[in-house]
1. Within 15 Å, Cβ to Cβ, of His5, how many net charges do the neighbouring residues add up to if Lys/Arg are +1 and Asp/Glu are -1?
2. Net charge within 15 Å of Pro88 by Cβ-Cβ distance, Lys/Arg positive one each and Asp/Glu negative one each, not counting Pro88 itself?
3. By its C-alpha gyration tensor, with a ≥ b ≥ c as the square roots of the eigenvalues, how is region 2-61 shaped: rounded for a/c under 1.5, else prolate for a/b larger than b/c, else oblate?
4. Spin-label point model (7 Å from Cα, Cβ direction): what's the Glu146 to Asn20 distance in nm?
5. What net charge do the residues around Leu187 carry, taking every other residue with its C-beta under 12 Å from that of Leu187, with Lys and Arg at +1 and Asp and Glu at -1?
6. Between Tyr31 and Asp204, how high is the FRET efficiency from 1/(1 + (r/R0)^6) when r is the Cβ-Cβ distance and R₀ = 51 Å? Nearest 0.05.
7. What is region 1-142 by shape, rounded, prolate or oblate, if you read a ≥ b ≥ c off the alpha carbon gyration tensor as root eigenvalues and call it rounded for a/c under 1.5, prolate for a/b larger than b/c, and oblate otherwise?
Amino acid sequence: MWLKHEGIYDAIRGHVEHNNFDWNEELDNFYVAEGLHAALVKVKPNLFSTLASCVETLNNLYPYVQDVSSDDMLKAIRQALTHDGKFPLTVVVLDEVQQYIGEDSQRSIDVQEAVEACCKNIGGKMLFIGTGQTAVTGTSNLKKLEGRFTIRVELSDADVDAVIRQVILAKKPEAKAPVEQVMQTNLGEISRHLAGTTIGHRPDDIQFFSQDYPISSSTAPFLEKHPARTRPDRHRQPVAQPIVHDPQGYPDQCGRAYWQRGAGRLSLL
């Protein structure tokens, strides 16, 4: 942001890349970035007279810190988003905020303070949206955020199904017809799968065949009733592997599916 404010961003980056240095690597390690230091000395000789003075100036301007104050956060937000002297309407989405907070009460306080600082100093031009699998009143740590997230929208099972079908399992229009044809061709086998059980095929499922693929009609209710196992790399959320029947090899195109019905989650692996 400082380079752009000074109007030298393009010149500095061009000099760095011309000398065969990786721009992103130089920024990530700017304390010891020889290519960036050389470019600054060349483009801003009055400020950076030598390589040694360049390193010293950067260390003074941007000291290493382990925490960012609210004032520094607000300053950085304004510098990054303000255009022509005006701060734009901005939406900040905190996805899976309850997983980030977990059992750590300090994280709950950190989120609360960050949102409070932005709302107090930036006002109505910044909107925060927090998403999660638990209501804001569901745990003691989330309940601390109740005063900052006053509008609550809780999804029903029908809403979750709609999101899964329209977003996660969405397919290109030209792909729907082949999937529908495969399902109809193998309807006999599908209808016999787990027949006579409470999770067997139902005639009402036919209309959702192409939308739900690669999830079979018996898989979703099975996983809803019997989450199979817990995977530590999935934040301890229960997931299970469905059975997908397709004699024409479509699983090779879509991958194995792991479904978490209660939380409305699907991961294609």
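What follows is calculated from the coordinates using simple rules that are stated; it is not laboratory data. Just so it is clear, the model here is predicted, and its values are computed rather than measured. Cβ coordinates were reconstructed from backbone atoms using ideal geometry, including for glycine residues, and neighbour counts include every protein chain displayed.
1. Counting the neighbours of His5, the net charge comes to +2.
2. Numbers: positive: Arg78, Lys86, Lys125; negative: Asp84.
Once positives and negatives cancel, what remains is +2.
3. On the way: a/c = 1.44, a/b = 1.19, b/c = 1.21.
Verdict is rounded for region 2-61.
4. A separation of 6.3 nm, rounded to one decimal place.
5. Details: positive: Arg192; negative: Glu180, Glu189, Asp205.
Charge balance in the 12 Å sphere: -2.
6. Working: r = 63 Å, r/R0 = 1.23.
Taking R0 as 51 Å, the efficiency between Tyr31 and Asp204 is 0.20.
7. On the way: a/c = 2.67, a/b = 2.12, b/c = 1.26.
Prolate is the answer for region 1-142, as a/c is 1.5 or above and a/b outweighs b/c.
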